[in-house]
Amino acid sequence: MKNIELILLGKIIKTLGFQGELVIRIEKQFSKEIEKEELVFVMVEGIQVPFFINSINYVNSGTLHLQFQDYTSDSRVKEFVGCDVFVPGRSTPDITDNSTPIFLTGYRILNSDNQEIGTITKIVSYPMQVMLVVEPVTGEEILIPYNDDWIITTDDRKKLLILDMPEGIDLVNL
């Protein structure tokens, strides 16, 4: 498994309109152009939270407008104003951290109500956060932060993981 280095893209300085678009002031040293298909990480309360990009528009060399997938209202993105935004950089060599749950690849995930979320297709280690890449029952690939405290039970024989995720992790709209 690769460890991904994150590069500071910039800071969210305000919302724009009512469709969930954010204005990001780009760091002067940032030179890479990001694509719509890429993943960005927003630093929220000390945790880098992943988001897929819905739309991106470069306004000038120092500013861009960005909208996250499934975040299409001003009220859903207001909390991100003032947060730093990061993009994946280069991969570093395989990690051998025993706390990385590589063995969970292929496990099905259920929520605390026994509703199936999907199947873990791979594990990605970002700085400060290990992410479960999940192919959901319906929809597009999603990312779920890995947290030991959320695990209710694991069944290695059935390859099953039951999680009690906190309110606010909205998997239906990812």
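The values are calculated or read from the model by the stated rules, or taken from the named source; none is laboratory data. Since the structure is predicted, the reported quantities are computational estimates derived from the model, not experimental observations. As a convention, Cβ positions derive from the backbone with ideal geometry for all residues, glycine included, and neighbour counts pool all protein chains shown.
Restricting attention to region 111-121, which residues are surrounded by fewer than 18 Cβ atoms within 10 Å (Cβ to Cβ) and either touching a residue at least 40 places away in the same chain (Cβ under 8 Å) or in contact with a helix residue (DSSP H, G or I) (Cβ under 6 Å, 6 or more places away or on another chain) (or both)? Selection gives 111, 112, 114. Pairing each residue of region 56-77 that is free of Cβ contacts under 8 Å to residues at least 60 places away in the same chain with any residue that is assigned to a strand (DSSP E or B) and exposed (fewer than 15 other Cβ atoms within 10 Å of the Cβ), provided the two are 6+ apart or on different chains, yields C-beta distances under 6 Å for 64/58; 65/57; 67/55.
Table: residues versus (1) modelled with pLDDT of 90 or more; (2) surrounded by fewer than 12 Cβ atoms within 10 Å (Cβ to Cβ); (3) not assigned by TED's automatic domain parsing to the domain that holds residue 21.
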residue: 70; (1), (2), (3): no, no, no
residue: 84; (1), (2), (3): yes, no, no
residue: 126; (1), (2), (3): no, no, yes
residue: 134; (1), (2), (3): no, no, yes
residue: 145; (1), (2), (3): no, no, yes
residue: 150; (1), (2), (3): no, no, yes
residue: 154; (1), (2), (3): no, no, yes
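Restricting to region 19-43, count the residues that are modelled with pLDDT of 85 or more and on the phi < 0 side of the Ramachandran plot. Total satisfying the criteria: 11. In region 141-155, what residues are in contact (Cβ under 8 Å) with a residue 24 or more places away in the chain and out of contact with any Leu (no Cβ under 6 Å at 6 or more places or on another chain)? Within region 141-155, 143, 145, 152 qualify.
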